Every structure is written in structure tokens, then in C-alpha cells.
1. Scan the stretch 47-56 for residues that are outside any strand (DSSP E or B) and either without any contact (Cβ under 8 Å) to a residue 24 or more places away in the chain or surrounded by fewer than 20 Cβ atoms within 10 Å (Cβ to Cβ) (or both) and report the count.
2. Testing residue 59 on (1) free of Cβ contacts under 8 Å to residues at least 40 places away in the same chain; (2) over 19 Å from residue 81 (Cα atoms); (3) small (Gly, Ala, Ser), one condition comes back false. Which one is that?
3. If only one of 70, 64, 59, 8 is at positive phi and at pLDDT 95 or above, which one is it?
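The values are calculated or read from the model by the stated rules, or taken from the named source; none is laboratory data. Just so it is clear, the model here is predicted, and its values are computed rather than measured. With ideal geometry, Cβ positions are generated from the backbone for all residues, glycine too; neighbour counts draw on all protein chains shown.
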Amino acid sequence: MVEVEIDGNTVTVNVLGGHRLLALRQQVVIDRAAITGITPAEVDLRPPWVRAPGTFIPGVIAAGVYRGKGRKEFWDTTFGGNAVRIDLDGPDFTRLVVDVDDLDSVLRALSPAAVSA
């Protein structure tokens with residue numbers, strides 16, 4: 001699970017607990033302007049096939065950086081239906097898929113309407 005912090009135009013995704021070890025990362029920092037879409041992640045969504053570095057146990061957990069053709073994604077999910085998918089147009093990642101404590105709150109906070117408010 002992660003905690004999402006928003007400070008102006010910067011979004012920081014802090015990886016919590018033992019997931020830091022599984023994901024081999026403590027946080028991901030993105031520019032809010034790089035967000036091209038945000039939706040609840042589909043439960044059957046799976047990461048690209050190359051894990052570098054991270055952990056993947058099918059149907060149990062995906063944590064870490066995953067690469068595919070033209071894609072670099074950060075995942076930290078247990079596929080329980082409480083994950084947010086954040087599509088990006090940035091230099092570091094093309095997508096984040098992370099479990100959050102309050103899905104609706106994160107969707108509202110990162111929506112385009114919240115940026116203009």
C-alpha cells in the first residue's frame with residue numbers, strides 16, 4: 001500500500017511498510033501536470049512482463065518497476081480492488097498502479113477538476 005501526498009504541482013507516492021522491500025523503492029515523485037488519466041485499476045490488470053527490480057507473485061502482489069515495449073510502470077498492488085491507475089506522460093514512468101487506503105479520495109484529489117479548483 002502507498003500514501004499519496006500532494007504539494008502544489010508535485011505528487012509523492014510513499015511506499016509503506018514491508019512493501020518498500022518488495023518494491024525496492026521508498027517513493028515515486030511525479031509532476032502533477034504529467035498525469036494524463038486517473039481511474040480505479042481493473043482487478044485483472046497485470047503489469048508488463050519485464051520486472052526490473054521488484055516482486056511479482058501472480059494474483060498475490062506486483063511491487064516494483066515493470067517494463068514493456070515503450071512502457072515503464074511502477075506497481076504496488078495486491079489485486080484487491082483498491083488500486084488506482086495513474087497514466088502519465090512524464091520522463092520517468094508511463095503508469096502507476098498502486099493500492100491506496102481511500103480510493104475515492106485519491107481519485108478526487110488527482111482529478112483534473114481538483115487541479116483547477
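1. 2
2. (2)
3. Result: 64 is the single residue among 70, 64, 59, 8 that is at positive phi and at pLDDT 95 or above.
Yes/no matrix, rows are residues, columns are (1) under 15 Å from residue 1 (Cα atoms); (2) in a loop (DSSP other than H, G, I, E, B); (3) within 11 Å of the chain's Cα centre (by Cα):
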site	(1), (2), (3)
20	yes, no, no
29	no, no, yes
44	no, yes, no
66	no, no, no
76	yes, no, yes
84	yes, no, yes
